[in-house]
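Asker: Okay, handing you the structure first.
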Amino acid sequence: MSRLVELDARGPRKLTEEDLHEEKGDVAVCRCGLSESFPFCDGSHRRTADEDADTRYVYDEDGERRAVERIVYADADES
């Protein structure tokens with residue numbers, strides 16, 4: 001399975017002691033790209049549990065998933 005994840009960050013996020021979860025004592029970093037508290041995991045990856053391995057998906061701003069045949073990127077120089 002593949003998933004389109006669009007991010008607008010311009011650099012790394014350095015984790016500090018303040019980022020530790022008070023109860024769990026750990027930091028979970030998002031790897032699915034769907035977290036509302038990115039770069040931290042908020043459990044949003046659970047929505048991907050039933051994704052098919054041979055399907056591409058996009059998630060819209062509302063978190064709705066749809067399967068797509070392909071992803072096409074426009075050339076940055078094109079208007």
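The values are calculated or read from the model by the stated rules, or taken from the named source; none is laboratory data. All of these numbers come straight from a predicted model, not from anything done at the bench. Using ideal geometry, Cβ is built from the backbone for each residue, glycine included, and neighbour counts are taken over all protein chains shown.
Asker: If you take the residues of the stretch 23-79 that are in contact with a Ser or Thr (Cβ under 7 Å, 6 or more places away or on another chain) and over 25 Å from ARG13 (Cβ atoms), which of them is modelled with the highest pLDDT?
Answerer: ALA67
Asker: Across the stretch 11-46, which residue is surrounded by the most Cβ atoms within 10 Å (Cβ to Cβ) among those that are within 11 Å of the chain's Cα centre (by Cα) and not in a loop (DSSP other than H, G, I, E, B)?
Answerer: Per the stated criteria, the residue is SER44.
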